[in-house]
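K.L.:
Structure provided below as C-alpha cells; questions to follow.
The values are calculated or read from the model by the stated rules, or taken from the named source; none is laboratory data. Worth saying up front: this structure is predicted, and the values here are computed from it rather than measured. Glycine gets a Cβ as well: all are built from the backbone with ideal geometry, and neighbour counts include every protein chain shown.
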Amino acid sequence: MTAMHHPVKRGRRRDIAFPIVNTIVLCLLMFLTLYPVLNTVAYSFNDGMDALKGGLGILPRMFSTSAYDELLKDSAVYKAFWISLSKTVITTVLNLFFTSMLAFALSRKEYVLRKFITTVLVLTMYVNAGLIPNYLLISRTLGLKNSYWVYIVPTMFSCFNMIVLRTYMLGLPEALVESARIDGAGDLRTFFQIILPLCLPVMATVALFVAVGAWNSWFDTYLYNGSKKDLYTLQYLLKMKLATTQNSSNAANSTADALATASKVAPITVRCAITVVSAVPILIVYPFLQKYFVTGMALGSVKG
C-alpha cells in the first residue's frame with residue numbers, strides 16, 4: 001500500500017511546485033517590466049540637483065514637482081495637448097471607418113477585382129517612393145503644408161490594418177451575409193448592422209494601433225508644421241522643450257549657474273516628466289481596450 005501511494009505524493013508535489021515556480025517567474029518578469037517605468041516616475045518627481053547624483057530606485061529621494069512645474073507652466077502645452085488629442089481621435093475614427101469598409105469589400109468573394117486590388121495595396125507596403133516624393137506629394141500636390149489637415153488626410157487609411165480586418169472578416173460565417181441578403185439588406189446595411197458589431201474585438205485592436213501611432217507622432221509636425229506654433233502637437237512641443245532644457249543646462253558657465261539650472265530644469269528630470277506626461281493618456285485608454293485587444297490579436301491572426 002505504501003508503494004502505491006508514492007507516485008500520488010510525487011504527483012501532488014509536482015502540482016504544487018509548478019504554481020509556485022510559475023508565480024515566482026511571473027513576479028520577476030513583472031518587476032523587470034515595471035522597474036523602468038517606476039524609475040522614470042521617481043526621477044520625474046525628484047529634485048533636479050539631487051537627481052544628477054544618480055542611484056535612484058523606484059522612489060524619489062527628494063520629492064519635488066519642479067520638473068512638472070517647468071513643463072506645465074507654458075500655456076502652449078495645453079493647446080498642443082488638444083491638437084494631439086483631436087488629431088488622435090479624428091485619425092482613429094476615420095481610419096477605422098474607411099479601412100473597415102474597404103476590408104469588407106475585399107473580403108467578399110463575389111467582388112471580381114478583390115485579388116487585384118489587394119495585391120496592389122500589399123505592394124505599397126514593400127515598395128515606397130521615399131521621404132522626398134512623399135513630402136512633395138503632401139506639401140505641394142495636395143497643398144496640406146501648414147494646415148491641420150496634414151495630420152488627418154494622409155492617415156485615413158492603412159494597408160496593414162486593412163489586411164488585419166479583412167482576415168478577420170473572412171473568418172466570419174458566410175451564412176450571416178446570406179441571411180441578411182435574403183431579408184433584403186443591402187451591402188451597407190449588412191456591413192453596419194451585421195459585420196461591424198461582430199468585428200468589435202479586432203476593431204479595438206486596430207484602434208489601439210492607430211491611436212498610439214497618432215499620439216506619439218511628431219515627425220509630421222516637424223516636416224509640415226514646424227513654422228506654425230498654433231499647430232504644434234504635444235509630442236513635438238515636448239521634444240522642443242527637452243532640447244531647450246538641454247541647451248539651457250549646457251549654457252550654464254559658472255558653478256552657481258550650473259547649480260541653479262540643475263535644481264530647476266535638470267534635463268534628466270524634465271526628460272522623465274515628459275515621458276510620463278506623454279504616456280499617461282495611452283495608459284488611461286489601454287485598460288478599456290485590453291480585453292478586446294487580446295481577442296482581436298488572436299482571432300485576426302489565425303482566421304482566414
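K.L.:
Could you tell me which residue of the range 27-56 is farthest from the chain's Cα centre (by Cα), considering only residues that are assigned to a loop (DSSP other than H, G, I, E, B) and within 15 Å of Ala266 (Cα to Cα)?
P.N.:
Among them, the one singled out is Lys53.
K.L.:
If you don't mind, another one. What are the pairs with Cβ atoms under 9 angstrom where one residue, in the range 128-145, is under 11 Å from Leu223 (Cβ atoms) and the other, located anywhere, is part of a loop (DSSP other than H, G, I, E, B) and modelled with pLDDT under 85? Sequence gap at least six, or different chains.
P.N.:
Asn134/Asn128
K.L.:
Examine the range 57-67 for a residue that is among the small types (Gly, Ala, Ser), in a helix (DSSP H, G or I) and either under 30 Å from Leu231 (Cα atoms) or in contact with an Asp or Glu (Cβ under 8 Å, 6 or more places away or on another chain) (or both), and state whether such a residue exists.
P.N.:
Yes: one or more hits.
K.L.:
Sticking with this one: When only residues in the range 91-123 that are surrounded by 14 or more Cβ atoms within 10 Å (Cβ to Cβ), β-branched (Val, Ile, Thr) and touching a Leu at 6+ places or on another chain (Cβ under 7 Å) count, which is farthest from Thr233 (Cα to Cα)?
P.N.:
Ranking the candidates gives Thr118 first.
K.L.:
Mind checking whether some residue in the range 140-149 is modelled with pLDDT of 90 or more and either closer than 13 Å to Val206 by Cα or among the hydrophobic types (A, V, I, L, M, F, W, C) (or both)?
P.N.:
Scanning the range 140-149 turns up at least one residue that is modelled with pLDDT of 90 or more and either closer than 13 Å to Val206 by Cα or among the hydrophobic types (A, V, I, L, M, F, W, C) (or both).
K.L.:
Quick check on Ser107: is it polar (S, T, N, Q) and more than 30 Å from Lys229 (Cα to Cα)?
P.N.:
The answer is yes for Ser107.
K.L.:
Consider only pairs whose beta carbons are under 9 Å apart and that are at least six residues apart or on different chains; among these, list those whose first residue lies in the range 153-165 and is among the charged types (D, E, K, R) and modelled with pLDDT under 90 and whose second residue is part of a helix (DSSP H, G or I) and buried (at least 19 other Cβ atoms within 10 Å of the Cβ).
P.N.:
Cβ pairs passing all conditions: none.
K.L.:
Out of the residues in the range 232-262 meeting the condition of being crowded, with 18+ Cβ neighbours inside 10 Å and at pLDDT below 75, tell me which one is nearest to the chain's Cα centre (by Cα).
P.N.:
Thr245
K.L.:
Please find, among Val177, Val210, Val206, Val265, the residue that is β-branched (Val, Ile, Thr), at pLDDT below 80 and buried (at least 19 other Cβ atoms within 10 Å of the Cβ).
P.N.:
Selected residue: Val265, the only one of Val177, Val210, Val206, Val265 that is β-branched (Val, Ile, Thr), at pLDDT below 80 and buried (at least 19 other Cβ atoms within 10 Å of the Cβ).
K.L.:
So if I check each of Val202, Val177, which one is within 21 Å of the chain's Cα centre (by Cα) and not acidic (Asp, Glu)?
P.N.:
Values: Val177 fails: within 21 Å of the chain's Cα centre (by Cα).
Of the residues listed, the single one that is within 21 Å of the chain's Cα centre (by Cα) and not acidic (Asp, Glu) is Val202.
K.L.:
Any residue at all in the range 57-80 that's crowded, with 17+ Cβ neighbours inside 10 Å, touching a Phe, Trp or Tyr at 6+ places or on another chain (Cβ under 6 Å) and aliphatic (A, V, I, L, M)?
P.N.:
For the range 57-80, residues crowded, with 17+ Cβ neighbours inside 10 Å, touching a Phe, Trp or Tyr at 6+ places or on another chain (Cβ under 6 Å) and aliphatic (A, V, I, L, M): present.
K.L.:
Here's something else I'd like to know. Evaluate the range 124-133: report whether one residue or more is of a type in the set (A, V, I, L, M, F, W, C) and surrounded by 11 or more Cβ atoms within 10 Å (Cβ to Cβ).
P.N.:
First pass over the range 124-133, keeping only residues of a type in the set (A, V, I, L, M, F, W, C): 125, 127, 129, 131-132.
With surrounded by 11 or more Cβ atoms within 10 Å (Cβ to Cβ) added as a condition, the list becomes 125.
Within the range 124-133 (the criterion being of a type in the set (A, V, I, L, M, F, W, C) and surrounded by 11 or more Cβ atoms within 10 Å (Cβ to Cβ)), the answer is yes, since at least one residue qualifies.
K.L.:
Just for the range 57-104: of the residues that are under 20 Å from Arg166 (Cα atoms) and free of Cβ contacts under 8 Å to residues at least 24 places away in the same chain, which one is nearest to the chain's Cα centre (by Cα)?
P.N.:
Val93
K.L.:
Based on what the data block shows, is Ser107 touching a residue at least 60 places away in the same chain (Cβ under 8 Å) and either of a type in the set (D, E, K, R) or within 25 Å of Ala207 (Cβ to Cβ) (or both)?
P.N.:
yes
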